[in-house]
Amino acid sequence: MRGVAVLGSTGSIGESTLSVLARHRDSFRLVALTAGRNRERLEAQVATWAPAFAGLVEGEAAPGIRTGREVLVEAATHPDVDVVLNAVVGAAGLDATLAALRAGKRVALANKESLVMGGELVALAAREGGGELVPVDSEHSAVLQCVTGRDGGLARLILTASGGPFRDWEPARVHAATVAEALRHPTWSMGSKITVDSASLANKALELIEAHFLFGLPYDALDAVVHPQSIVHAFAEFCDGSVIAQLGFPTMELPILYALTHPARLPDSGARRFDPVAAGSLTFEPVRPDAFPAFRLGVAAGRAGGTAPAAFNAANEVAVAAFLAGGLPFGRIAEVIDAVLQQHAQGPATDLEAVRAADRAARARATTFLD
Ligand code: NDP
């Protein structure tokens, strides 16, 4: 029985994780839950699961529920927890990722933003504390499944992207897209921030940065390709030219379960069984950087390294929040990111204060470009 903490339990990945855990009560025990603001949903989860620890970041305390920003780290370092499933959205997830790794836990990471911001710090925390990082993102889970059990030789990765709802739209139409249009994802049902990131393809840039830190490949060996059916999740190319891919109908429950059990597998009924005939034709197209400038900016920030990815992430978070609130046209998201990155004072990302300072400065600058 492994103890599990679910951070961000009231979100899309959090709820999917609870569905997975409900099928595997013999293997995992839910020890801790945290939510952001959704107290009602958290209370319902606490009533169902009776975890040893429950925390709400914002809001009034309730019986059995602690409140405050520190609940994330408390849950992540709880002594009965072996695996921390970090499904918090945004930069708010970083401290818990670091704390869990320093405490020697496995971190099943959905919160890609914490790796994008502090990739070097995350690796250091794992080395120092003996913790282990396992991806939940479906593309990175696919890569892990392709490389596990093989003895090195990984040469290149190609991550797939659905292309989002604006895949074949003209750039001018993408620029003027509405919130409702951006939230209409063709193949995945996810939280609103990552759904907008998928529409702008900022998400794929975040994922290439995530892959750089997880698998240690340079950016020249990391590519993305548009694959509208979302059946192939990633291709791993080896040094002899051989390519291994991982396939499946889109569901996050499979990568969540694999992040809990890696390198082992548990029999599970959660994923629809694969049927190549039902999957139909699989097609691939290049990413169109003219229509999706946020992708190009994110990859450039990844290549620049240091605190540039943290600045990219922070500017994107501010711009996406403004777009979702109805205060920014879709096309301005990339323009805000561009303006912030042009003013970014580059520096190393080897200490937490430098990363936090870059995050704060980028947020402050992004806010000035929102009008
Ligand atoms: P959701 O918006 O659905 O859920 C986010 C969760 O984080 C909620 O539980 C929310 O709490 C909590 N939260 C929000 N802000 C804070 C904060 N400041 N402090 C603490 N907790 C907070 O997002 P998703 O589940 O879609 O995504 C979560 C992460 O997983 C993201 O990093 C995303 O990129 C990644 N991911 C998601 C995928 C998906 O299919 N959804 C696929 C791959 C990666 P509350 O609602 O109570 O306020």
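Details
- Restricting the first member to the range 47-58 and to residues that are touching a residue at least 60 places away in the same chain (Cβ under 8 Å) and of a type in the set (S, T, N, Q), and the second to residues that are away from the ligand (no atom under 14 Å from the Cβ) and in a helix (DSSP H, G or I), no beta-carbon pair is closer than 9 Å while six or more apart or on different chains.
- Filter result (surrounded by fewer than 20 Cβ atoms within 10 Å (Cβ to Cβ) and either farther than 20 Å from Asp290 by Cα or of a type in the set (Val, Ile, Thr) (or both)) within the range 323-351: Leu324, Ala325, Gly326, Gly327, Gln343, Ala345, Gln346, Gly347, Pro348, Thr350, Asp351
- If the condition is being over 16 Å from Ala334 (Cβ atoms) and within 12 Å of the ligand (Cβ to nearest atom), then the range 199-209 contributes only Glu207.
- When the residues of the range 225-257 are filtered to those that are over 16 Å from the mean Cα position of the chain (by Cα) and under 30 Å from Arg332 (Cβ atoms), the one that is nearest to the ligand (Cβ to nearest atom) is Ser230.
- If the condition is being surrounded by fewer than 22 Cβ atoms within 10 Å (Cβ to Cβ) and either without any contact (Cβ under 8 Å) to a residue 60 or more places away in the chain or near the ligand (Cβ under 10 Å from one of its atoms) (or both), then the range 22-35 contributes Ala22, Arg25, Asp26, Arg29.
- Those residues of the range 99-124 which are closer than 23 Å to Gln346 by Cβ and more than 15 Å from the ligand (Cβ to nearest atom), in sequence order: Glu120, Leu121, Ala123, Leu124
- Members of the range 316-335 that are among the small types (Gly, Ala, Ser) and not in a helix (DSSP H, G or I): Ala325, Gly326, Gly327, Gly331
- Applying a threshold of 6 Å to beta carbon distances and a minimum spacing of six or more residues, or different chains, the list of pairs starting in the range 337-352 at a residue that is without any contact (Cβ under 8 Å) to a residue 40 or more places away in the chain and ending at one that is surrounded by 14 or more Cβ atoms within 10 Å (Cβ to Cβ) and not in a helix (DSSP H, G or I) reads Ala339/Phe369.
- Lone unmet requirement of (1) out of contact with any Leu (no Cβ under 9 Å at 6 or more places or on another chain); (2) assigned to a helix (DSSP H, G or I); (3) among the hydrophobic types (A, V, I, L, M, F, W, C) for Val31: (2)
- Those residues of the range 36-62 which are near the ligand (Cβ under 9 Å from one of its atoms) and within 17 Å of Ser19 (Cα to Cα), in sequence order: Arg41, Leu42
- Sole residue being crowded, with 20+ Cβ neighbours inside 10 Å, within 15 Å of the ligand (Cβ to nearest atom) and either more than 22 Å from Leu154 (Cα to Cα) or within 20 Å of the chain's Cα centre (by Cα) (or both), chosen from Val174, Val196: Val196
Throughout, read-outs are computed from the coordinates displayed, never taken from laboratory work. None of the values given here were measured: they were computed from a predicted structure. No Cβ is skipped: glycine too gets one built from the backbone with ideal geometry, and neighbour counts run over all protein chains shown.
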